[in-house]
Each structure stands twice: as structure tokens, then as C-alpha cells.
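A short worksheet on the structure shown next.
The values are calculated or read from the model by the stated rules, or taken from the named source; none is laboratory data. The model shown is predicted, which means the values in this text are computed figures rather than measured ones. Neighbour counts are summed over all protein chains in view; Cβ atoms, including those assigned to glycine, are modelled from backbone coordinates with ideal geometry. The protein model used for the area step is the full one, side chains on, heavy atoms only, and it has no ligands, DNA or RNA in it. Shrake-Rupley method; radii C 1.70, N 1.55, O 1.52, S 1.80 Å.
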Amino acid sequence: MTQPSPSPFAAPWEAQVFALVVSLREAGLFTWSEWAERLGQGIRPADAPERAADYGAWLATLEGILAERGVAGADSVAARTEAFQRAAAATPHGEPIRLENDPLYRP
Amino acid sequence: MSHDHAEHDHAHHDHVHHGSELSPVEARVRALESLLTEKGYVDPAALDALVELYETKVGPHLGARVVARAWVDPVFRSRLLTDATPAIAELGIGGRGGEHMVVVENTPETHNLVVCTLCSCYPWPVLGLPPVWYKAPPYRARAVIDPRGVLAEFGVTLPETTRITVWDSTAETRYMVLPMRPAGTEGFSEEALAPLVTRDSMIGTGLATALPIEPAEMPV
């Protein structure tokens, strides 16, 4: 429980979520107080036990704020997520997964 | 701490060639990053620089320098306890997540313990990013109702006469503990003292100790 970890992130996606949140805060999309308040709400669902304030919770909180502010709606995020999954399936193992690899990609 | 984060079922496409896989959460994060980059909200190079900063540069070794300085320099210690943010800045340490830091001092009479009951507020400039347990519901809840029990789980037993004070960090005010200087370190230099200061001793879930500690505790 108290073991130090060599990286504060358990997976690369956690680091990316962290960096996105810090960048958007610095771009002025929200303050740290707003962020803490939204994160605190998000980890206390009305119908389920309290959750960890982990990077999964950060991701859900970020998606909520982006949708609400009209920056990235749930539909466009879902569509882009599917595009990345198609791109991944079409990318030979070990090569970088680029959006352009999506067979349905059009610039 | 690193349980089932990435690999869930990937039972979709059955095909002849071997493609790559993105877990649902990985694909969501890639999608957000790509949309936000297109719209000009983020810069991928800046994101990479942030990750590198928090993976390699910012961590509890910085807080340990602050503590060691306070142990050897009573005037600094007094400034640190009166107004922590500018005192910490004297060592070139500060920035995001540490705009207003407060340092609370452990004594034989009072032991301090820091928690964020709301979410995971933590003094990033001195401690880096919080450990998994700090963000989990059991610690958030029990640090307040049963601090002595929590300390026992961390292997810390205090005298019955020592009061425990619990500090609730927020986005605005983030606390760090100044642990007691271990016995037997009289005459140690600041440089010799810093490695005795663990991350947990600055959260209050541990004590600084003169016994050798694992080198991994102090990332370079």
C-alpha cells in the first residue's frame, strides 16, 4: 500500500488524461476549484458507492465538461473513438496507430 | 495499484491479419486528444512535455529538500510554517498545484495527517502526483473518522498522548507535513538528511526515519 511507484501513472493513457486536464486548465477552460468540485461530484454517483478519484474519474469528468462547454460533444467523441478503434484494427501490430489508418478516414 | 486498467475483452474483429488493439479507455483518450488538438486547445508536444515533467522531475524528493532545510535552518523553518509558498519558492520549488501551500509541523504532542476528502487535492510541487491509496474512498473517509487506525495500517503507532490533527486539502489550500527530525541525526548535513524524508512522512502516514530506506523512494 505504501510502496513508492516509479511512475505516478499506471498506464500511458492515465498520463495523457492528466496532461490534457492540466493543459486545458492552463488554457483557461476551468479553474482548479471548478475541476475539484466537478471531480468530487463525479465520484459520488447518486445510485452507487463513492469511487476513487483516479484517472478514470478524471476522464469522465473531463468528457462531461467538454460536452457541456460545447468543446467536444458526446457524439463527436464517440465517433472519433470508433474511428481510432478501426484505425487500430487496420494498423499492423507494433506500428503507431494513426487516425489516417482508419479505412473510413477522409481528411 | 496496477490492476486491470487496460486489457478487457477484445472479442470484436476476427480477421486474417494481425492488427493493433486499443482498449475502450485508450481509444477514448486518443479521441479526446485528437479532437482537442484539431480545435487548437492542446498541443501534443506540450502534452508530452507535461508527462515527462511529472514522470521524471517533480516528486517527493523536492519536498524532502524543503524538510531537510527546515531541520537545519530554524529561521527558514519559521518562515516555512508562517507562509509556506514563498519559503518553498526560495528553493526554486513551486508552480501549478501549489499556489497556496501550508506546512504543518509534527511535534511530540501533535501529529498531522493530510487528506483530501473531496477528491485528490495534493501539493504537486513538493510531492508530485498522489499515490493511488490517497485517491481511494477508504483513505478519504477513514483518515477523518479513524486516523489512528489508518496510521496503524501504515505501520505507524504513536504514543497515546500524541494528538492527531487531520488537514483537508482543497484546490485552493494544499497541506504538507513537516515531520519530526529523527533521533540520532545530530550533526547531519542537509544533504544527508533529505534522503531520510519519505513521501509518506510528508503526508503524515509515515515518519521520517534514520534507518536506511529503499532508494526507490527518492526518484532522481
- How many residues of segment B:20-45 are more than 7 Å from chain A (Cβ to nearest Cβ) and hydrophobic (A, V, I, L, M, F, W, C)? The answer is 1
- Subset of segment A:36-55, residues at the interface with another protein chain (Cβ under 7 Å from one of its Cβ atoms) and either hydroxyl-bearing (Ser, Thr, Tyr) or part of a helix (DSSP H, G or I) (or both), comes to A:ALA36, A:LEU39, A:GLY40
- Are any residues in segment B:98-112 at pLDDT 95 or above, over 14 Å from B:LEU80 (Cα atoms) and not in a strand (DSSP E or B), and if so, which ones? B:THR107, B:PRO108, B:GLU109
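Residue-by-condition table, conditions (1) among the basic types (Lys, Arg); (2) within 17 Å of the chain's Cα centre (by Cα); (3) not assigned by TED's automatic domain parsing to the domain that holds B:ALA194:
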residue	(1), (2), (3)
B:LEU50	no, yes, yes
B:LEU80	no, no, no
B:VAL102	no, yes, no
B:THR117	no, yes, no
B:ARG140	yes, yes, no
B:PRO159	no, no, no
- The lone condition B:ALA216 fails out of (1) modelled with pLDDT of 95 or more; (2) assigned to a helix (DSSP H, G or I) is (1)
- Message: without any contact (Cβ under 8 Å) to a residue 24 or more places away in the chain, hydrophobic (A, V, I, L, M, F, W, C) and in the same structural domain as A:LEU20 (by TED's automatic domain parsing): is that true of A:ALA48 in this structure?
- Response: yes
- Of all residues in segment B:151-197 being under 18 Å from B:ALA208 (Cβ atoms) and assigned to a helix (DSSP H, G or I), which is farthest from the other protein chains (Cβ to nearest Cβ)? B:GLU190
- Some residue of segment B:166-173 being open to solvent by less than 10 Å² (accessible area, probe 1.4 Å) and either more than 24 Å from B:LEU91 (Cβ to Cβ) or in contact with a strand residue (DSSP E or B) (Cβ under 9 Å, 6 or more places away or on another chain) (or both): yes
